[in-house]
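Scroll down for the structure; my scribbles are underneath it.
The values are calculated or read from the model by the stated rules, or taken from the named source; none is laboratory data. As the structure is a prediction and not an experimental result, all values here were calculated from the model. Cβ sites come from the backbone with ideal geometry, for glycine too, and all protein chains shown count toward neighbours. Note: areas computed on protein heavy atoms with side chains; ligands, DNA, RNA excluded. Shrake-Rupley method; radii C 1.70, N 1.55, O 1.52, S 1.80 Å.
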Amino acid sequence: MATASAPTRAVAIQPLSADDVSLLFPPPTKAEDFAKLIAVRDLTVPNPQDPTKRDPVWPDSAFQQFLAIAAGPAAQVDGTQKSIGLPAEAKTIDGWFVSGIRIDAGAPGLSNDIPAQFGQSPEIRLIIQPVTRNSDGTPKVDDIAAHLIFDFTLLNQQQPGCLPRQVPDMVAFNAIVKDVAALRTELSEGKLGVDKVITAGVPLGIHPGLADETTANDVRNEIQLFLERHISGQHLNAMAIAGLPAGAPEPWIFLSMLKVPSGFLPALPNGGFVPVNGPTLDGKQFAQMLQPAGAIPRVAPEPHTNNLNPITCSNAAVTGAVLPIAKRRGVSTSDLSNTPTPTAEKTKELLDVIADPTRSHFFNTDCVSCHTETRRAMELLKVTNIPGINTATLPNGPWDVRNFGWAPAGKGSIQATVTRRTTAETAAVVSFINAELLTRQR
C-alpha cells in the first residue's frame, strides 16, 4: 500500500537586518583604502549580444546626459543665478565611487495606500561620490553625491493624470533577496575572512563586514559580484544629484532625472534621461536649493508639499496633470524657518511626518525636507540619540545633508552619515522582505 508522503515544509530563513539591505562603506582616509572601495567604472556586466565583452552599468551615454543635465538650465534654481557646477574630477566616470547601496523592495513606499496609487518598484540604489587622490596619495572626497537607481519592473500600467503604475518583477527581486541573505550568512559563519561578523541587532551605520579589517576585502569583492549579477544599464531608470555651484561651499542644489523611452521626446528619438519637474513645486521648476541658516530665502523655490492629505499619485512631476497648489496640504522643514518659530511640540509633529515613509515620499515631500529633517531635530529638539542609528553616523552639522553617505566632519576628516528617514525606510524594507518574501522561500 502506498504511503502518503510527508507535506513539504518551508525552510526557516534567518530574518534580514538593516545593515543587510542598506550597506554603507567606511569613508576612505588612507591611500590603501582605495582598494576597499568600488569604483563605478569597475562595475561591468556581459554584453547581451557578445558575452565576451563587458558593458559598464553606468553607460557612457547615460553619464554624458547626467553631466549635461547637471550643467544645464534645469539645474539653475528659478529666480536666482545659482546652479550646479561640477568639479573636473566629477566630469569623468573614473572619479566616482560607491559610498552606499540601498536595496528597496518597492519605491516610492511600501505601506498599502502607496502601492495602490503608484504600484511597486523594487530597486537597487547606488549612492556615489567623487573621490580623488591628494598629492600624497590620500583620498579626497568631494562633498557631492549622486544616486543611480536600478529598478526591476515589468510592463507598467498607464493611469490618466499620474505616472505609470509600476508592476514589480518579483522573480528578479527574490533573486536579489536570496543573494543578500547568502552574503549575510557567509559573513556570520566566518566564510568571508577571519572573524565571524553578525549584522543582526546592529544599529544602521557602516556595514559591520566592511568595518572589520579581517573581512573588509572579501565583503567588498562579494558586494561587487552581487551588483554585477543584478544591475545593468538596461535597469538604470533614474538618477539624481545633490551638488554645489562651481567653486562655492553653498548652496545645496537638488535635481532628479528620469529615463524616458524611445519616441517619447523628439529631442531624444532613442530615449534617454530628462530632468524631473519637482513633484512638490509648480510643475515647471526642476531644481530646489538649500542655503545656509540666516539666508533669505533659506529654501527656494518654496515647496508646496502634500504629505498631510491622503496618498495620491497626482503630483507636479506629471506633465499636464499638476495637482493645484491650493489643493495641497503638507509640511516641510522650510516651515521651521518661518516667524514665529513653531513650538517644540509642533516641530516634532512636523519632523515626524517627514521622517515617516508611510506618509511622506518623493512625490509629496520636497528633497530639502527629506535631507534635513534629522539635523533639524538635533538642532531644534536637542536630539542626540535616535533608535536604530549608530550615534557616530548622525549628521555632524547643519551642512551635512547626506541621508546615507559621506560628509565632511571638520579639519579635513570625512564621516559616514545616516538619517532617521533612511533608517525608517530601511526598517520598512526589512519588515516587508522578512514577512512577505523570506517566509515563502523554501
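Observations
- With pairing defined as another cysteine C-beta under 4.7 Å, the cysteines of the chain that fail it are C367, C370.
- Pairwise FRET efficiency - Q159 versus K284, Cβ, R0 = 22 Å, nearest 0.05: 0.45
- Rolling a 1.4 angstrom probe over the stretch 317-379 with all protein chains present gives an accessible area of which 56% lies on carbon and sulfur atoms.
- Two-site FRET efficiency, D352 against E228, from Cβ-Cβ distance with R₀ of 30 Å, rounded to 0.05: 0.15
- Rounded accessible area per residue of the chain, 1.4 Å, Å²: 45 Å²
- Matching label, mean projected area of the Cα convex hull in nm² computed from the structure shown, candidates (1) 25.8; (2) 39.4; (3) 24.4: (1)
- Percent accessible area from carbon and sulfur atoms, the stretch 254-298, protein chains only, probe 1.4 Å: 64 percent
- Take every pair of alpha-carbon atoms less than 8 Å apart whose residues are at least six positions apart; their mean separation over the length of the chain yields a relative contact order of 19 percent.
- Ordering 185-192, 352-359 by mean Cβ neighbour count within 10 Å, with the highest value first, yields 352-359, 185-192.
- K327-K140 pseudo-label distance in nm [points 7 Å out on the Cα-to-Cβ vector]: 5.1 nm
- Separation of alpha-carbon centers, the stretch 263-282 and the stretch 139-211, rounded to whole Å: 27 Å
- Averaging Cα coordinates gives a centre for the stretch 225-247 and one for the stretch 320-337; these two points are 28 Å apart.
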